[in-house]
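Here the structure is laid out as structure tokens; the discussion comes afterwards.
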Amino acid sequence: MRTTQPRHGLAPLLVALAAAGCGNEPAATVDTTTSGLSLPTDVARVLQTRCVTCHSATTMYGAPMALTTYAATQAMAASTPTRPVWQLMGERVHDPVRPMPATRLPDDELAIIDRWVAAGAPGCTGSSCGTVTTDPTATSPASRLPCAPGSRAVFVSHAAGSTNRFRVPGASGNVNKCFAFRSSFRAGQQATAFAARVDQSRVLHHLILFATDAQPGAGEVFDCDGNMPRDARFIAGWAPGNEGSVLPQDVGLELPDSTGWFILQVHYWNTTPDVADDGSGMEMCITDTPRLHAASVHTLGSLNLAIPPRAQGVEVVGGCTPENTEPVHVLGSTAHMHRLGVAMRTEVFRGGNTARMEPLMDVPSYSFDSQVSHPSEMVLMPGDTLRTTCRYNNTTNQTVYFGERTEDEMCFNFVLAWPAGSLSNAGGRAARRCIGRAP
Ligand code: HEC
């Protein structure tokens, strides 16, 4: 019997922020506008803590406008020139699919924005009004990974060891590029921590590192939409605000050896006319001495999708009865669907019992643009069954089936857990898969 219990799942990496040297713009104090009005103090406080990571004076991560001044909130919106920004602010903080920020505002802060928007977004005069500053340290992504003794940092990217950069065209908006490269790891090497190395933060929206056994072709750069191999497994991802993860001390993540491939999917969002040459990637701490417990990414969900035209709230259910004979220690879960996906959850039934336990993962409002790993500390027991339910709103006039094209759909929960391969059903062990009929 295992005695080691993880005391925590994936520990967030809270270091390296202050050390990162990007975004050294002067701290801009704002709120002096031609009209002489400033932001009300409570509104300024919400914008300062929740929005200016991206909506800074020099905008970051593809944000289309700054939210550092009262005037900026009164200007017409980039996407909808007939409407002022403050109106869209009031909508986007409640948006069920693409909320701002992606993590959603806490209720008390939502109420502050709601009250202000309902009043017509009034300005404030006098010395008691709030100010918003662009703090360069708050906008600097983690760029250096401290590795535990015995492991060393390796840059996993198509741009590693080369000067090749991907040129993001000016004003290109939404660009989703995939970079394929062969794994250079040896069997037995493991990752113990990972964090993104963000090169051109101005245009980077998010990135995901996948592993695949398909042979995409060296040095290949392709549009991800429609071209991702079906077996692609989520390894690690980054979105603004994510500072990386450290695995528990006795756990290492298995990696594809040199017969396998990585695909780095990078979502760019360039709203400015300037080109950007980007070479971002994932920094990993690698150990040559395997740790006591090997973890891997397991694929749960369903391949059996047929979502009728215009149907709303269609649920697809995939069952999984893993063949593990030992407890399974879950570290995290990542929901993966395409554009029609609106929610996903994975429930656990102990010993096949119909009494549901706490869910393994619950994503009540899913967005393709904010695929993040949800940490977990759940321990699954032999005999547990898992049920993954994906919900879709089909906005098209076609029946949508499983597939890798953007117009197709997927229903996967990528579960990081140890022992490696434990969440697999008959025939799925090599591929770390547990996909079956609804229980
Ligand atoms: C992690 C980065 C990030 C954070 C934090 C963030 N935004 Fe955004 N915001 C973006 C990006 C990128 C876009 C453009 C893509 C889109 O519309 O989803 C955007 C778009 C918007 C838009 C739409 C503008 C238009 O012209 O359509 C509004 C309004 C907005 N954000 C408001 C906010 C508010 C209010 C906050 C804080 C409460 C916030 N955002 C926090 C990145 C962010």
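The values are calculated or read from the model by the stated rules, or taken from the named source; none is laboratory data. Here the structure is a predicted model, which means the values were calculated and not measured. Cβ: placed from backbone, ideal geometry, glycine included. Neighbour counts: every protein chain shown.
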Give Val221, Val266, Val198 a once-over and let me know the one that is crowded, with 21+ Cβ neighbours inside 10 Å, modelled with pLDDT under 90, closer than 27 Å to Ala63 by Cα and aliphatic (A, V, I, L, M). Val198
Taking Glu326 as the residue in question, decide whether it is in contact (Cβ under 8 Å) with a residue 60 or more places away in the chain and either of a type in the set (Phe, Trp, Tyr) or in a loop (DSSP other than H, G, I, E, B) (or both). yes
Of the residues in the range 365-381 that are modelled with pLDDT of 90 or more and surrounded by fewer than 19 Cβ atoms within 10 Å (Cβ to Cβ), the one that is farthest from Phe194 (Cα to Cα) is Met381
Here is a check on your reading of the model: is Gly301 on the phi > 0 side of the Ramachandran plot, more than 18 Å from the chain's Cα centre (by Cα) and either in the same structural domain as Gln189 (by TED's automatic domain parsing) or part of a strand (DSSP E or B) (or both)? yes
Just name the residue that is modelled with the highest pLDDT out of those in the range 69-85 that are assigned to a loop (DSSP other than H, G, I, E, B) and hydroxyl-bearing (Ser, Thr, Tyr). Thr82
Of the numbered conditions (1) in a loop (DSSP other than H, G, I, E, B); (2) over 27 Å from the mean Cα position of the chain (by Cα); (3) modelled with pLDDT of 90 or more; (4) among the small types (Gly, Ala, Ser), Ala66 satisfies every one except a single condition; which is it? (2)
Which of the numbered conditions does Pro322 fail, given that it passes all the others? Conditions: (1) crowded, with 19+ Cβ neighbours inside 10 Å; (2) in contact with a Pro (Cβ under 6 Å, 6 or more places away or on another chain). (2)
Condition broken by Thr334, with the remaining ones in (1) buried (at least 22 other Cβ atoms within 10 Å of the Cβ); (2) assigned to a loop (DSSP other than H, G, I, E, B) satisfied: (2)
Every residue from the range 166-190 that is under 25 Å from Cys147 (Cα atoms) and surrounded by fewer than 23 Cβ atoms within 10 Å (Cβ to Cβ): Phe181, Arg182, Ser183, Ser184, Phe185, Arg186, Ala187, Gly188, Gln189
Out of the residues in the range 64-74 that are over 16 Å from Arg45 (Cα atoms) and near the ligand (Cβ under 10 Å from one of its atoms), which is surrounded by the most Cβ atoms within 10 Å (Cβ to Cβ)? Met65
Pull up the range 105-133, narrow it to residues that are within 12 Å of the ligand (Cβ to nearest atom), outside any helix (DSSP H, G or I) and buried (at least 16 other Cβ atoms within 10 Å of the Cβ), then point me to the one that is modelled with the lowest pLDDT. Val132
Which pairs turn up if I take residues in the range 36-62 that are of a type in the set (D, E, K, R) and look for partners that are more than 11 Å from the ligand (Cβ to nearest atom) with beta carbon separation below 7 Å, at least 6 apart in sequence or on another chain? Arg45/Gly130
Within the range 177-195, work out how many residues are closer than 19 Å to His158 by Cα and of a type in the set (Ser, Thr, Tyr). 2
Within the range 181-198, is even one residue touching a strand residue (DSSP E or B) at 6+ places or on another chain (Cβ under 9 Å) and within 16 Å of the ligand (Cβ to nearest atom)? yes
Looking at the range 33-63, which of the residues that are within 8 Å of the ligand (Cβ to nearest atom) and either surrounded by fewer than 16 Cβ atoms within 10 Å (Cβ to Cβ) or of a type in the set (Ser, Thr, Tyr) (or both) is nearest to Thr131 (Cα to Cα)? Thr53
